[in-house]
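For reference, the structure discussed in these notes is given below.
The values are calculated or read from the model by the stated rules, or taken from the named source; none is laboratory data. Since this is a predicted model, take the numbers as computed values, not measurements. As a convention, Cβ positions derive from the backbone with ideal geometry for all residues, glycine included, and neighbour counts pool all protein chains shown.
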Amino acid sequence: MLYIKAVQKSFDGFMAVNGANLSVDKGEIVAVIGPNGAGKTTLFSLITGQLKPDSGEIIFKNENIAGLPPYAICRKGISRSFQVVNIFNRLTVFENVQAAVLSHQKKVLNLFSPAKNMAVKETEELLESVGLTDKADSISGLLSHGDQKVLEMAIALGNRPELLILDEPTAGMSPEETAVSIDLIRRLSRELGLTILFCEHDIALVFSISHKIMVMQQGQTIIQGKPDEVRENKQVQEAYLGGAN
Ligand SMILES: Nc1ncnc2c1ncn2[C@@H]1O[C@H](COP(=O)(O)OP(=O)(O)OP(=O)(O)O)[C@@H](O)[C@H]1O
């Protein structure tokens, strides 16, 4: 579904991504790991169009999307949620998700117009699928950090993506919230058939839910493979896992 070949991106001569390769098949959960500054977030921004690559190919469903603007990439079926929570704090949970659904349907949400009653069923279904039905009327800015990250996922799902990209989905979460998020990611993959690409510092989590793992260091791909292959790779052990298996 997604093939990245030899992608490069520099900032003022500094190579943040320096030959990254990645392949993601339909229905897979794929993780990108690597130390701080390895280039993971930059790579995601290249895929979703927030940044343009200097060179290389980003093929999504047989089409090179490298350098397209974010709205065009979004329309092609790629949604992203960010490391820092990105929601409308003053709107309710329902309204945040409804706005995303209406935006996907190219309709504008105006709380004083009949739009308020539009896409109600789709919004309710999405809230149900992420387990936020009980909090539909809560003000989003008052939710716990964990619930806000889940809401962000629901907003990303409003675009009806085929590929969902998550930047550190459990960052800042309590162990309980992390467990809920892991369960949610697994369910979205299994029940909706979503393809999920994420980066994450929690290595135990990565190895427990990923079908494939890509390891980055200094902008380059060291290896991509099944969790066992990655765990046994000497270069990964030395460079990233501190030499321990
Ligand atoms: N807009 C930018 N301008 C200049 N340098 C940047 C920019 N964005 C990222 N960088 C640099 O590129 C490198 C890769 O950053 P990136 O955020 O992609 O790493 P990361 O692997 O996601 O790190 P982390 O795990 O800490 O989030 C870093 O050295 C960072 O300082």
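Mind checking whether some residue in the stretch 181-194 is in the same structural domain as Leu2 (by TED's automatic domain parsing), in a strand (DSSP E or B) and of a type outside the set (D, E, K, R)?
Within the stretch 181-194, not a single residue is in the same structural domain as Leu2 (by TED's automatic domain parsing), in a strand (DSSP E or B) and of a type outside the set (D, E, K, R).
From the residues in the stretch 53-65 that are in contact (Cβ under 8 Å) with a residue 40 or more places away in the chain and surrounded by fewer than 21 Cβ atoms within 10 Å (Cβ to Cβ), which one is nearest to Gly77 (Cα to Cα)? So, considering only residues that are in contact (Cβ under 8 Å) with a residue 40 or more places away in the chain and surrounded by fewer than 21 Cβ atoms within 10 Å (Cβ to Cβ), the one nearest to Gly77 (Cα to Cα) is Lys61. Pairs linking a residue in the stretch 18-30 that is surrounded by 15 or more Cβ atoms within 10 Å (Cβ to Cβ) to a residue that is of a type in the set (Phe, Trp, Tyr) and assigned to a strand (DSSP E or B), with Cβ atoms under 6 Å and 6 or more positions apart or on different chains, are Ser23/Tyr3. Candidates Val17, Val32, Val97, Val84: the one that is within 16 Å of the ligand (Cβ to nearest atom), at pLDDT below 95 and among the aliphatic types (A, V, I, L, M) is Val84.
Any chance the stretch 187-201 includes a residue that's over 16 Å from the mean Cα position of the chain (by Cα) and within 16 Å of the ligand (Cβ to nearest atom)? Taking every residue of the stretch 187-201 in turn, none turns out to be over 16 Å from the mean Cα position of the chain (by Cα) and within 16 Å of the ligand (Cβ to nearest atom). Step by step: first the residues of the stretch 1-14, then only those that are farther than 26 Å from Leu194 by Cα and aromatic (Phe, Trp, Tyr), then the one that is nearest to the ligand (Cβ to nearest atom). Which residue is that? Here the answer is Phe11.
The residues of the stretch 118-154 that are in contact with a strand residue (DSSP E or B) (Cβ under 8 Å, 6 or more places away or on another chain) and in a helix (DSSP H, G or I), listed by number, are Ser140, Lys149, Glu152, Met153. Note on the stretch 35-75: among residues that are away from the ligand (no atom under 16 Å from the Cβ) and of a type in the set (Lys, Arg), the one that is farthest from the chain's Cα centre (by Cα) is Lys61. Restricting Gly131, Gly172 to those that are more than 30 Å from Gly19 (Cβ to Cβ) and within 16 Å of the ligand (Cβ to nearest atom) reduces the list to Gly172.
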